[in-house]
Amino acid sequence: MRPIEYVAAKTVQEAVKSLAEKGDAARPLAGGTDIIVQLRGGRRQLDRLVDMKAIPELNELTYNASSGLRIGAAVPCYRVYGDAAVASAYPGLIDAASLIGGIQIQGRGSIGGNLCNAAPSGDTIPALIAHSAVAEIAGPGGNREVPVEDFCTAPGRTVLQSGEILVAIRVPAPAAHFGACYIRFIPRNEMDIAVVGVGASMVLDGNKVTACRIALASVAPIPVYATAAGAALVGKEATEENINAASEAAQAAATPISDMRGTAEYRTHLIGVLTRRALQSAIQRAKEA
Amino acid sequence: MAAVKTHVRTTLNGEATEYLCEPNQSLLEVLRDVLFLTGTKEGCNDGNCGACTVNMDGRIVDSCLVLGVEAEGSDILTIEGVATPEGLHPIQQAFLENAALQCGICTPGFIVASKALLEKEPNPSEARVRHWLAGNLCRCTGYDKIVKAVVDAANTMGGKK
Ligand SMILES: Cc1cc2nc3c(=O)[nH]c(=O)nc-3n(C[C@H](O)[C@H](O)[C@H](O)COP(=O)(O)OP(=O)(O)OC[C@H]3O[C@@H](n4cnc5c(N)ncnc54)[C@H](O)[C@@H]3O)c2cc1C
Ligand code: FES
Ligand code: FES
């Protein structure tokens, strides 16, 4: 890794200032499980890393059954799935947070870093979208909020402007009879990049679907919020036929490519299979909720 | 850019330890090249193999993905801190008895990772051991003997830390 300056910011303001001073030559550091690899591999060249982990607000994880969940941008995955109340309220997010890398990666890697890295394969992003999460952003021009489905703009690129940081991710409190799930396909059980990933959430009234959100990983340059797929189920009974219709709409929302992990055709097939499974699991969890 | 060294204070294997490092040096490089603690191994240098596993503030991490400067104020355990003057740790003993190593390059990482598991969960199932160790790769043993060694160590330790 070439020489770099390291700044451990103590406050949001200090981080924003330190980043804005250097423009594109500075970036935030959270768990480092993406950015250190990119710097060492020469895929990124920076003059300054601004560590987010000493900023108290970015390390907070707060959950309240009525106001919902707020995940500080630097909170590592293990803290999120290790919190029993959070785990039962946000099952789709927990599915995703507990399958990132192995235990070592989960000890450092954050959900905020996963989102800001903006990989098409980022596992927590479809789960966050399914859970209607919102990104809280601070920058030189003040604070703003962006729904997670609008956060990623291209592979590795986000809506964040120079000097802006992600402060936290806010996830609304789940409604009664809410269920969610994230599943992915990889060639082995752990430690690989999703060939396809699907996040789904659902609110049920009896067997009738009153809300449904579906999002996809690794099937387009950015994570895909498949609005038509979710809409296909709303107002309908949670039957096999309707689930199949939603999974076909999910397939239609994707623009997969062929690469070493699979052909476009194979990915399209997987979207169908995984969407059905994610929906069935979300329905099951909604019934138990 | 001038390579300005940072003064870092840690607790390393139970002893207050200070070092100077540059911000682009990983904790792995600091351990091996600055502190000459070469028990921690480098395999991939990108987070995939777990050979560089150390325990940092109670969590296992890949030291190749931690910067030396990030360790300020932290409490680190490396393989050098696992045995005591009285002898090997039961996990180390179980690795020997089960022939759970061949070339041995992965072994320090597996032992540090397994120790953290048994401290948290004294009686893990075989499936749990395999899941916990998914971030540690071994090119020689085929894993079965490693998993058996960890389960045996758990039994020997009888739920004790
Ligand atoms: C062996 C291995 C296995 C992995 N497995 C998976 C996997 O299964 N699924 C998966 O999705 N990912 C995986 N990853 C990638 C990585 O671990 C995750 O993306 C992780 O969540 C990144 O979080 P981090 O805190 O380490 O981010 P960092 O590396 O610290 O940062 C990631 C990016 O986000 C930016 N950033 C960080 N914090 C902020 C902030 N507050 N505001 C603005 N920008 C910010 C950084 O500048 C950087 O560009 C794996 C990585 C490795 C090395
Ligand atoms: S050397 Fe760190 S994980 Fe392989
Ligand atoms: S014993 Fe050789 S890599 Fe594990």
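Points to keep in mind about this one:
- Angle between chain A longest axis and helix A:240-253 axis [Cα atoms, degrees, rounded to 10]: 40
- Computed from Cα positions, the angle between helix A:264-288 and the longest principal axis of chain A comes to roughly 80 degrees.
- Residue-span extension gain [A:ASP192 to A:ALA211] - 0.36 nm each, minus C-alpha spacing: 3.7 nm
- Helix A:12-22 axis versus longest C-alpha principal axis of chain A: approximately 70°, rounded to the nearest ten.
- Cα-based shape type of chain B, given that a ≥ b ≥ c are square roots of the gyration tensor eigenvalues and the cut on a/c is 1.5: prolate
- Accessible area, probe 1.4 Å, largest first, for residues A:VAL134, A:VAL234, B:VAL112: A:VAL234, A:VAL134, B:VAL112
- B:GLU119, B:GLU86, reordered so the largest accessible area comes first (probe 1.4 Å): B:GLU86, B:GLU119
- Label-to-label distance, A:ASP24 versus B:ARG139, with points set 7 angstrom from Cα along the beta-carbon direction: 3.8 nm.
- Whole-Å distance, taken between Cα centres, linking segment A:143-219 and segment A:43-77: 17
- Rounded to the nearest 10 Å², the accessible area of A:LYS10 at probe 1.4 Å: 120
- Rounded is the label for segment A:56-215, because a/c, from the alpha-carbon gyration tensor with a ≥ b ≥ c as root eigenvalues, stays below 1.5.
- Positions from segment B:62-84 whose accessible area shrinks by 10 Å² or more when the full protein complex is built, not the chain alone, probe 1.4 Å: B:ASP62, B:CYS64, B:LEU65, B:VAL66, B:LEU67, B:VAL69, B:GLU70
- Percent carbon-and-sulfur accessible area, chain B, ignoring ligands, DNA and RNA, probe 1.4 Å: 50
- Where A:ARG188, A:ARG261, A:ARG277 fall by accessible area, highest first, once all protein chains stay in place (1.4 Å): A:ARG277, A:ARG188, A:ARG261
- 3J(HN,Hα) along segment A:109-118: x, 10, 5, x, x, 4, 5, 5, 5, 6 Hz, from the Karplus curve 6.51 cos²θ - 1.76 cosθ + 1.60 with θ = phi - 60°, whole Hz, x for Gly and Pro.
- What separates the Cα centres of segment A:85-112 and segment B:63-107 is a distance of 26 Å.
- Long-range lysine pairs (8 or more apart or interchain), chain A, Cα under 29 Å: 7
- Rounded accessible area of A:MET1 (nearest 10 Å², 1.4 Å probe): 60
- Dipole of chain B, positive direction: furthest Cα of B:VAL151, B:LEU12, B:VAL61, with charges on the beta-carbon: B:VAL151
- Simple label model, 7 Å out from Cα along Cβ direction - B:GLU97 to A:SER67, nm: 5.4
- Span from the segment B:3-54 Cα centroid across to the segment A:224-289 one, whole angstrom: 45
- Per residue, the solvent-accessible area of segment A:178-288 (1.4 Å probe, heavy atoms of protein chains only, all protein chains present) comes to 44 Å².
- Cross-link partners of B:LYS120 among aspartates and glutamates (Cα-Cα below 20 Å; sequence separation of 8 or more within a chain): A:ASP83, B:ASP57, B:ASP62, B:ASP75, B:ASP152
- Gyration tensor (alpha-carbon) shape descriptor, segment B:71-152, a/c threshold 1.5: rounded
The values are calculated or read from the model by the stated rules, or taken from the named source; none is laboratory data. Being a predicted model, the structure only gives us computed values, none of them experimental. A quick note on method: Cβ atoms are made from the backbone with ideal geometry, for glycine too, and the neighbour counts reach across all protein chains shown. Heavy atoms of the whole protein, side chains included, go into the accessibility calculation; ligands, DNA and RNA do not. Shrake-Rupley method; radii C 1.70, N 1.55, O 1.52, S 1.80 Å.
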